[in-house]
1. Working out 0.36 nm times the residue gap between residue 102 and residue 300, then minus their Cα-Cα distance, what length gain in nm do you get to one decimal?
2. If I take R0 = 25 Å and measure r between the Cβ atoms of residue 49 and residue 18 in this structure, what FRET efficiency does the formula 1/(1 + (r/R0)^6) give, to the nearest 0.05?
3. With unit charges on the beta carbons (Lys and Arg positive, Asp and Glu negative) and the dipole taken about the Cα centre of the range 196-289, which residue among 238, 228, 213 sits farthest to the positive side?
4. How large is ³J(HN,Hα), in whole Hz, for each residue of the range 51-62 in order, when computed from phi with the Karplus curve 6.51 cos²θ - 1.76 cosθ + 1.60 and θ = phi - 60°, using x for Gly and Pro?
5. Given axes a ≥ b ≥ c from the Cα gyration tensor, I'd like to know whether the range 193-338 is rounded (a/c under 1.5), prolate (a/b larger than b/c) or oblate.
6. Assigning unit charges at the beta carbon (Lys, Arg +1; Asp, Glu -1) and nothing else, what dipole magnitude in debye, to the nearest 20, does the chain show about its Cα centre?
7. Ignoring ligands, DNA and RNA, what percent of the 1.4 Å accessible area of the chain is carbon and sulfur?
8. Just one of (1) 158; (2) 147; (3) 183 is volume of the Cα convex hull per residue in Å³ calculated from these coordinates, so which is it?
Amino acid sequence: MSSLLPAEQLSRHLSAHALFRGADDAQETCARVGEVFRPHHMGVLGSSQRLAAQMDHLRLARLSFNRLSYGASVSINSEPMNDFVMVFMPLSGVVDIRSGAQRVAATPAQAAVVSSTQPLHMDWRADADVFILRLERRAIEDACLAQVGHLPNRPIEFDLAVDPQAPHFGSWRSLLAFLLGCAEFTRLAAVQPQMADQVERLVTSTLLFGHRHSYSEALVGTGADIAPAFVRRAEDVMIAHLHEPLDIETLARLAGVSVRNLHEGFRRYRNSTPMATWKGLRLDHVRSELLQASRNGMPVTVAEIARVHGFLHLGHFAQSYLARFNELPSATLSPGRR
């Protein structure tokens, strides 16, 4: 059975980034894999089997390329992967994956995307040799923000099974084939943060448009953006300065336009003002962090998250948050949301 990925090129490339080789201790192997993904429980199936695990790991910005095999049949149970998404593309063998109500057998001809906020169970067969792309959920949310101008109100969940015949899946395969087959390019990106960021955005956007998820209709509905380039540049500047002070003069200068034309562009093409748009983006990011803190039980307060995003007057912030999301920020952070 042929693989969706160029296995030989991938082997040559990722073997230079070995995390471990020939690991035979189940507990230690589980801990090492958990450092890349998240802590979990792993057990070897059958008393006669012995691990011969190996893993390669290459990180670029908020994504990483990984290749993992256990050399034995293993069973894995994990809490939800709330902070990241995994794309499974086996080079050989089978991984049976169950996430919430969804289930798929990932094979060399059948990829899978694990993004559910439900507990995860996997059965790896002994011959499973799997490429796994790990992508932080925040990177996906940022890509959505750049496309539609606001964050989704709930975590984006992809369909578990990937349709290899989907119209845009070929673009995803071609992109990964290039990145995994061009060691020189990714080696340079690994030490050049700006290049790594570009790779991250390209991978994230291609996945968002190449595989169905809970926010697909909103993305497809964006259509072509006829706004002038300076409006889109200004929005990029806003996203880059979500945690920093930004005034209208600085925004206009970085967008390469006058303050007057910037106001006119946002009035005409965004039905808003530049600073109101920037405030809305910061509120969206606050909500995203509050939801993440609620899901993970993080010991943070609304005030701490608000101040990081420049909201120093908590009363005004709470009023703006209520008007945008129809609930107070304290309700978003409530443990009952988990």
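The values are calculated or read from the model by the stated rules, or taken from the named source; none is laboratory data. Here the structure is a predicted model, which is why all the values come from computation and not from measurement. We place every Cβ from the backbone using ideal geometry, glycine too, and count neighbours over all the protein chains shown. Ligands, DNA and RNA are excluded from the accessible area calculation, which covers all protein heavy atoms including side chains. Shrake-Rupley method; radii C 1.70, N 1.55, O 1.52, S 1.80 Å.
1. Using 0.36 nm per residue and subtracting the Cα-Cα distance, I get 68.0 nm.
2. Efficiency computed from Cβ-Cβ geometry: 0.65.
3. Sorting the options by dipole projection puts first 228.
4. Result, rounded to whole Hz: 5, 9, 7, 8, 8, 10, 8, 10, 9, 9, 6, 9.
5. oblate
6. 560
7. The C+S portion of the solvent-accessible surface of the chain is 51 percent.
8. Computed from the coordinates, volume of the Cα convex hull per residue in Å³ corresponds to (2).
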